[in-house]
Amino acid sequence: MPHDVKKILTANQFVTNYRRMWPFVRPIWFWALLSVLICIPIGSLDAAIALFLKPYTDIVVVGKDMSSPWYIPLLIVTFTFVQGLLNYAATFLSVWVGGKLTMSLKKRLYEKLVCFDPAYFDKSTSGEIIYRYNTDADTACAGLLTNLKNFITRIFSSIALIGVLFYNSWQLSIVAIIILFVAVAPLVRVKKLIKGLVSKNTMSLTALNTTYNETFAGNKTICSYNLEDYQKQKFFGLLESVFDLTVAMTRRTAWLSPFMHFVISIGLGLAVALGSWLIVNGTITSGNFVSFITALLMLYTPLKNISGNVVAVQYSFMAIERIFDLLDAPLPICDRPGARDLPDIRSNIVFDNVIFEYEPERPVLKNIQLEVKVGETLALVGNSGGGKSTLVSLLPRFYDIQGGSIKIDGVDIRDITLQSLRRNIAVVFQDNFLFTGTIRDNIVLGNPDATGDDIAHALECAYLTDFVNGLPEGINTEIGERGILLSGGQKQRVAIARAFLKQAPVVVLDEATSALDNKSEEIVQQAIDNLMKDKTVFVIAHRLSTIKNANRIAVIHEGELVELGSHEELMALENGQYRRLYEMQFKNPAGPDSAEAETHKHDPAPEGGAPSPEPHQRNPSEHAGFAEKKGPEAEPGIRHATDNTPLSTSEPALSHGLHVDKL
């Protein structure tokens, strides 16, 4: 029998969800328990008024005798006053406990969020992240505690009131309780009625959040392409969807309240009819009847609207289920048992037959065999979508490989702790992310323990000293969300200063200058040259000067390493990929993209510095085979955003789409 009871309790949704929340409740269990215990007298005191009405009715109303106990009115007022004080205490404790619980849950969710690998974010939208990691926590905790308080109060109120019913008439009580069970019976089906709609509604709300975020981040694109009407129609469609789902939810659940009203009215009618008969027969007194009806009304009235509470509870339970789906989800990229720290890099980095795919059976990198020695600079070139950015993203384990291994000093990087691995690698992206705050706040992220001299040296090496000194607030200047108040070149130099401060032995430069004009690029390139000193460097760049200065150049074509050597060695290869790319550039000094070069290679070079359209941002899921996942990609026939002016033949830009431009 005990085993059967345990099985029933384990299967109960109410018990299961509160048990899963217990680790978050444990630190504040005393206050949580107190907030629940206070609800017991609050509910129990409901019966006092109904109980006192019996002697009052029998003696005063029926007996016309004023000698009734004088303290009855005083007790009614006193009990009501005490109940009010307890209600205040219960509400305060409920809010306090709820706030603590919500905060703990959001902390745990955020800890989980920041541990997910980039692949998780590639497949999620910003709206989904906000809803599942923030809104669900609010829904779960608020509904859980508020409704727990209401239910505890109602349970003990019902117990006390049922006691009053039986005290006055067991015959009437049996009728009342039968009606009570009939009224609440449909509530067990609430979850089945709303579960599908809640899931759809959640998806629509996440889409709304995503649209708000896209409108904020893409406001210039919306203005420049006159997309106001398009965005409005898209947003209005989502609002209509949310409205339709809300109406459907109401249609499925709103009948519960009228149904309960109808059933309860039957119970009251039967109680009046049977009670009248019992009074006439002398079975009960008028005082019994008045006390019974009062208790019955106090019992039935809250039940008329309990369907709304039950729906809110189901919302909370489903939010809890979604939360624990996240918390229970395994992290695809994490430290292996026994993983060790990487103090520094002494010998080499080896890509040994590396195979990687974003989607099963669609490899992006195929049997990459490559060794990079400490202090060496390796340039990666190749056609767009060939796998260059993917290759360097594997080194800090943004993604994990499906075959082969990547080793540092002979140790598989999967046997190295993520913290120490990434501590030894500094990455400068094409579009570096700057956080809301000051220039100083963003730079010291590279090394929170950096001294003032360290920061000044990083600013100097990144060619930021004059710029920072010219600002009224200097290094403490606020730069806005995502560094919106800085130019592209300034943002890149802040990112480079951050990488300087990190002092990592390995530097990855992933198209660090491709989005800049020539003047900005020249300054940033000087900062990058400083950053590369005495480092092991992986560089993806479309400027030939960076590639020619590399110790070796690796040509990646359709996920395979097809050529490897110095600039001179690769130029000596007849019909080689690199040589073909190099010669293509000298024939097109203005630097159009590859598709334009292929189509118009015999046309005169375009003149002047007319600005070109911004490269198209492509979502990873839209790219065939998920070949490359990050960064802007220029479509065929569109000039690269940095090709605003003719380039001299002494430093041509390699054609986009033919070798080094990152997706």
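The values are calculated or read from the model by the stated rules, or taken from the named source; none is laboratory data. This one's a predicted model, so the numbers in the text were calculated from it and none came from an experiment. Counting neighbours? That spans all protein chains shown, and the Cβs are built from the backbone with ideal geometry, glycine included. These area figures cover heavy atoms from the full protein model, side chains too; ligands, DNA and RNA do not enter into them. Shrake-Rupley method; radii C 1.70, N 1.55, O 1.52, S 1.80 Å.
Things worth noting here:
Here is a yes/no grid of residues against (1) open to solvent by 40 Å² or more (accessible area, probe 1.4 Å); (2) of a type in the set (S, T, Y); (3) within 18 Å of I496 (Cβ to Cβ):
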residue: N424; (1), (2), (3): no, no, yes
residue: A456; (1), (2), (3): yes, no, yes
residue: G470; (1), (2), (3): yes, no, no
residue: G474; (1), (2), (3): no, no, no
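- Residue-level analysis places A319 outside the set of residues that are over 23 Å from the mean Cα position of the chain (by Cα), open to solvent by less than 70 Å² (accessible area, probe 1.4 Å) and either under 30 Å from L105 (Cβ atoms) or modelled with pLDDT of 90 or more (or both).
Per-residue answers, yes or no, for (1) surrounded by 15 or more Cβ atoms within 10 Å (Cβ to Cβ); (2) more than 30 Å from A140 (Cβ to Cβ); (3) touching a residue at least 40 places away in the same chain (Cβ under 8 Å):
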site: I194; (1), (2), (3): yes, no, yes
site: L197; (1), (2), (3): yes, no, yes
site: S204; (1), (2), (3): yes, no, yes
site: N213; (1), (2), (3): yes, no, yes
site: N226; (1), (2), (3): no, yes, no
site: Y230; (1), (2), (3): no, yes, no
site: F235; (1), (2), (3): yes, no, no
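- Residues in region 175-200 that are touching a Phe, Trp or Tyr at 6+ places or on another chain (Cβ under 9 Å) and farther than 13 Å from V313 by Cα: A176, I179, L180, A183, P186.
- Failed item in (1) under 18 Å from Y131 (Cβ atoms); (2) open to solvent by 50 Å² or more (accessible area, probe 1.4 Å), with T221 passing the rest: (1)
- Residue check: D325 meets all listed conditions (1) open to solvent by 70 Å² or more (accessible area, probe 1.4 Å); (2) touching a helix residue (DSSP H, G or I) at 6+ places or on another chain (Cβ under 8 Å); (3) in a helix (DSSP H, G or I) but one, namely (2).
- Residue list for region 114-159, restricted to those being part of a helix (DSSP H, G or I) and without any contact (Cβ under 8 Å) to a residue 24 or more places away in the chain: V114, F121, I129
- Residue match in region 418-425 (condition: in contact with a Lys or Arg (Cβ under 6 Å, 6 or more places away or on another chain) and closer than 28 Å to N348 by Cα): no
- Every test in (1) closer than 29 Å to R579 by Cβ; (2) open to solvent by 20 Å² or more (accessible area, probe 1.4 Å); (3) outside any strand (DSSP E or B) is passed by F398 save one, and that test is (1).
- Residue in region 267-282 that is over 27 Å from A48 (Cα atoms), open to solvent by less than 50 Å² (accessible area, probe 1.4 Å) and touching a helix residue (DSSP H, G or I) at 6+ places or on another chain (Cβ under 8 Å) present: no
- Cross-chain or 6+ apart pairs with Cβ under 8 Å, region 321-333 first and touching a residue at least 60 places away in the same chain (Cβ under 8 Å) and closer than 16 Å to L144 by Cβ, then aliphatic (A, V, I, L, M) and open to solvent by less than 50 Å² (accessible area, probe 1.4 Å): I323/L105; I323/L109; I323/A137; I323/A140; L327/L109
- Flag for L331 being at pLDDT 90 or above, over 30 Å from V164 (Cα atoms), in contact with a helix residue (DSSP H, G or I) (Cβ under 8 Å, 6 or more places away or on another chain) and open to solvent by 20 Å² or more (accessible area, probe 1.4 Å): no
- The sole residue among G375, G410, G403, G338 that is within 30 Å of R20 (Cα to Cα), surrounded by fewer than 20 Cβ atoms within 10 Å (Cβ to Cβ) and touching a residue at least 40 places away in the same chain (Cβ under 8 Å) is G338.
- Residue list for region 159-171, restricted to those being open to solvent by 30 Å² or more (accessible area, probe 1.4 Å) and of a type in the set (S, T, N, Q): Q171
- The number of residues in region 540-554 that are at pLDDT below 90 and within 39 Å of the chain's Cα centre (by Cα) comes to 6.
- Criterion: modelled with pLDDT of 90 or more, within 19 Å of I368 (Cβ to Cβ) and either of a type outside the set (F, W, Y) or surrounded by fewer than 14 Cβ atoms within 10 Å (Cβ to Cβ) (or both) - qualifying residue of L561, L570: L561
- Flag for I174 being of a type outside the set (S, T, N, Q) and either without any contact (Cβ under 8 Å) to a residue 12 or more places away in the chain or surrounded by fewer than 17 Cβ atoms within 10 Å (Cβ to Cβ) (or both): yes
So that you can scan it fast, the table gives a plain yes or no per residue for (1) at pLDDT 85 or above; (2) open to solvent by 30 Å² or more (accessible area, probe 1.4 Å); (3) assigned to a helix (DSSP H, G or I); (4) among the β-branched types (V, I, T):
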{"position": "H3", "(1), (2), (3), (4)": "no, yes, yes, no"}
{"position": "V15", "(1), (2), (3), (4)": "no, yes, yes, yes"}
{"position": "R19", "(1), (2), (3), (4)": "no, yes, yes, no"}
{"position": "P27", "(1), (2), (3), (4)": "yes, yes, yes, no"}
{"position": "A48", "(1), (2), (3), (4)": "no, no, yes, no"}
{"position": "M66", "(1), (2), (3), (4)": "no, yes, no, no"}
{"position": "V77", "(1), (2), (3), (4)": "no, yes, yes, yes"}
{"position": "G99", "(1), (2), (3), (4)": "yes, yes, yes, no"}
{"position": "L109", "(1), (2), (3), (4)": "yes, no, yes, no"}
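- Filter result for V381 (over 35 Å from the mean Cα position of the chain (by Cα), over 26 Å from F121 (Cα atoms) and surrounded by 18 or more Cβ atoms within 10 Å (Cβ to Cβ)): no
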